[in-house]
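This report refers to the structure that appears directly beneath it.
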Amino acid sequence: MEPALTWLDLTVRDREKMQRVLDLFSEQGTVDEMGLGTLRDALSDALFPGTSSIQTRLRYVLFIPWLYQRLAPRVRSGEIMDVSRAARDAETGLIGPLLDSDDTQGVIGSMARSRLSRLPSEVYWGAMVRWRVFSHSKSQSWLHTHFESLAHGISETGRPDDPGIVWSRQPIWHPRLPPAPKGFPWKASFDLAAEEADFIRGRLEEQCGGTLLAWLARAGSATPAESFWEDPAALGANRKIASTVELARRFSLHVEGIPLLYNLVLAEHYARQHGDDQGLISDYQTELDEWAARERSEAPFGPRALWTFVAEQDGRLVEPQRRFVESWTRRVTAIGPAAVASDAFLKNLVEHRELQLKGPRARLANAGRLLDWSCRGRVGVGRMDFRWFRVRQLLTDLHRGLAA
């Protein structure tokens, strides 16, 4: 029997949380080995609401409603009885035209084609709800269930700036959604027209005001910096946004040493059992020394501001997680970052944390899982970037469109 993961689709928020968990399995360098994911996600959601780690290009938030708009008259006429199937066919049918365009980076389904398991609409549904491109705070399955009745109501709605129009029901999509370009979907590209980019920027500013995402939609550029805390436009943000940016930057540096130490402990454990991997031990010691130099150049990190921030975001702070971070912080402050690689207390701390999270599947307690690790010798390392590597592309698309 093939393994399967099942959950109850209760609300849009529940679904988004589960999708984020699944996304992380496909994202190199963000595997949450030490149980810090909820803290990372609280900061990510505050900085870049509606985004996810597997979104690729911004124009998908328009492709999806355009495809559904094309289905509406066929549903009304009775030609389409299964909306879910028709929507899937429409989305997979878009792959070919996008691959025929000049810019194919980020085409979802370029390899799987019609066998694509994770459709763009699933990847972007959270964004369309959060940014109110989709007018209803409902799941995609809700749309499919109610699509026929909603489609029949489309002719009764009008644009809000049309004088004399009175809405008799809520439209499916935002009333100012730009029309699909001529030739769509047989011809498609990721290039946003100026009107389309302006519409998306308006959604971000209206629905995500006070966030770094909305700020960069207005003040950013088509060439964002490698890190958002180094982006010139981000550095000019107001005090509240700047405070969140600094908290994320400082936290990501402070905990970057944790997965490095965890991998060093794994390498040492493996060497004791199998008699090699001295090269890996040396590599992780070097990486920890480099991290220590950067950590030592900063003022000591204090987690209290992070706990306050999580509480303000209505986030969930788990007590073992809080104790783990505070234990790491106290010890690093006491001995200095340069001593982390050889500190028995911190090595025991990460070992205990893994056992706490994984039980008998912990690599440090399970010989089979330790052998799995030895094939790659590297798990969960890398500095948290809070989805910036994806947001950068979305902002690049936006500002190129605004300049078109």
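The values are calculated or read from the model by the stated rules, or taken from the named source; none is laboratory data. Small disclaimer: the values here were computed from a predicted structure and weren't measured. Cβ coordinates were reconstructed from backbone atoms using ideal geometry, including for glycine residues, and neighbour counts include every protein chain displayed. Only protein heavy atoms, including side chains, enter the accessible area calculation; ligands, DNA and RNA are left aside. Shrake-Rupley method; radii C 1.70, N 1.55, O 1.52, S 1.80 Å.
Values for this structure:
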{"item": "Test item: Cα-centred dipole of the chain, Lys/Arg +1 and Asp/Glu -1 on Cβ, debye", "result": "680 debye"}
{"item": "Fraction of accessible area attributable to carbon and sulfur, the stretch 185-294 (%, probe 1.4 Å)", "result": "49 percent"}
{"item": "For the stretch 201-315, projected area of the alpha-carbon convex hull averaged over all directions, nm²", "result": "10.1 nm²"}
{"item": "Long-range amide H partners of residue 173 with built H, under 5 Å", "result": "135"}
{"item": "From phi via Karplus (6.51, -1.76, 1.60), per-residue ³J(HN,Hα) for the stretch 345-352 in Hz, x at Gly/Pro", "result": "4, 5, 5, 5, 5, 5, 5, 5"}
{"item": "Cα centroid of the stretch 113-156 to Cα centroid of the stretch 55-89, whole Å", "result": "8 Å"}
{"item": "Principal semi-axes in Å for the stretch 211-257 [√(5λ), Cα gyration tensor, largest first]", "result": "20, 13, 7"}
{"item": "Area accessible to solvent at residue 92, 1.4 Å probe radius, in Å²", "result": "30 Å²"}
{"item": "Selection from 235, 225, 262, by position along the positive dipole direction of the stretch 206-308 (Cβ)", "result": "235"}
{"item": "Most mobile listed residue (74, 250, 57) in the chain, GNM with C-alpha springs under 10 Å", "result": "74"}
{"item": "Heavy atoms of residue 146 accessible to a 1.4 Å probe, total area in Å² rounded to 10", "result": "70 Å²"}
{"item": "Å² per residue, accessible surface of the chain at 1.4 Å", "result": "49 Å²"}
{"item": "Cβ-based charge dipole, the chain, positive-most Cα from 126, 173, 300", "result": "173"}
{"item": "Derived scalar couplings ³J(HN,Hα) [the stretch 221-226; Karplus, 6.51 cos²θ - 1.76 cosθ + 1.60; whole Hz; x for Gly, Pro]", "result": "9, 7, 10, x, 5, 4"}
{"item": "Longest exposed-site-free window of the chain, the sites being GluC sites (Glu not before Pro) in a DSSP loop that have at most 12 other C-beta atoms within 10 Å", "result": "80-225"}
{"item": "Potential lengthening between residue 226 and residue 243 on full extension [0.36 nm per residue; Cα-Cα distance subtracted]", "result": "4.2 nm"}
